[in-house]
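Peer 1: My structure is below; once you've seen it, I'll send some questions.
What follows draws every value from the coordinates through simple rules; no lab data is involved. Everything numeric here is computed off the predicted structure, so don't read it as measured data. FYI the Cβ positions are ideal-geometry reconstructions off the backbone, even for glycines, and counts take in every protein chain you see.
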Amino acid sequence: MIESTKRLPEQVNEFTIHPLYCGTIRNHERSGFLYRTDCGGARLNAPCIAWLLRGQTEILLVDTGPGTRTRAGRFYTDDENREDLLLDELLRLDVDPSSLTRVILTHLHNDHVGGAPLLQNARFYVQKAELTEAVWPVPFQRPIYETNQRGKVPAWIAILDRMEVLEGDTEIVPGVRALLLPGHTAGSQGVLINTLQTPGCAWRYGIAGA
């Protein structure tokens with residue numbers, strides 16, 4: 001989603017948006033993204049992307065990927081030879097992971113929240129409806145929330161004490177707004193971001209995690 005609006009310099013806080021590659025879901029049955037819609041057995045490889053929002057005075061993160069190779073090895077390819085793609089991507093952009101204090105989680109599936117425990121100084125923005133769903137999801141969603149899975153502790157459990165629970169659309173900081181977008185999960189949220197594309201014109205970009 002992209003929207004153009006006339007720029008108001010005294011009101012618009014602008015960000016640049018940087019995609020961070022955090023792994024790949026390989027050979028995934030496509031209907032898993034479409035609530036079991038019949039896709040004829042079609043399969044795909046889907047990249048796991050987090051998003052860095054760099055503003056004039058603050059840096060935010062949207063999603064965290066699946067986590068380290070040790071935790072989420074199936075999202076890594078053998079030739080990547082890296083232990084933590086998220087931290088590598090942050091360092092590539094000269095961002096100290098310990099400096100991140102605000103992370104927006106579009107939802108709590110393991111490929112979006114697995115890296116969250118690595119960000120020790122961050123607060124995590126999650127919709128109340130999503131947290132409720134993660135605690136007791138519908139059966140086919142339980143593996144990807146890692147809820148009631150023998151031998152697994154969901155990554156979101158480790159950050160419960162650092163969650164900022166939202167109820168509906170909420171401004172996180174000026175220029176960044178969380179939007180409740182249920183669909184992919186019961187409490188999915190998107191992120192609306194002000195960014196400057198051309199002189200005199202502010203653009204709003206929308207990120208919807210899936």
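Peer 1: In the neighborhood of Ala134, defined by Cβ-to-Cβ distances under 10 Å, what is the net charge if each Lys or Arg adds +1 and each Asp or Glu adds -1? Please report the intermediate quantities before stating the final value.
Peer 2: On the way: positive: Arg142; negative: Glu130, Glu133, Glu146.
Result for the neighbourhood of Ala134: -2.
Peer 1: Related question: Sorted by mean Cβ packing within 10 Å, highest first, what order do the peptides 63-69, 121-127 take?
Peer 2: 63-69, 121-127
Peer 1: Additional query: Skipping prolines and chain starts, which residues have an amide H placed within reach, meaning under 5 Å, of the one on Tyr125, given they are 5 or more residues away or on another chain?
Peer 2: Residues meeting the amide H criterion: Val103, Ile104, Leu105, Glu164.
Peer 1: Taking amide H positions as placed 1.01 Å from N in the peptide plane, with prolines and chain starts having none, which residues 5 or more places from Thr195, or on another chain, fall under 5 Å of its amide H?
Peer 2: Phe15, Trp203, Arg204, Tyr205
Peer 1: List the equivalent ellipsoid semi-axes of the chain in whole Å, largest first, each obtained as the square root of 5λ for an eigenvalue λ of the Cα gyration tensor.
Peer 2: 28, 19, 18
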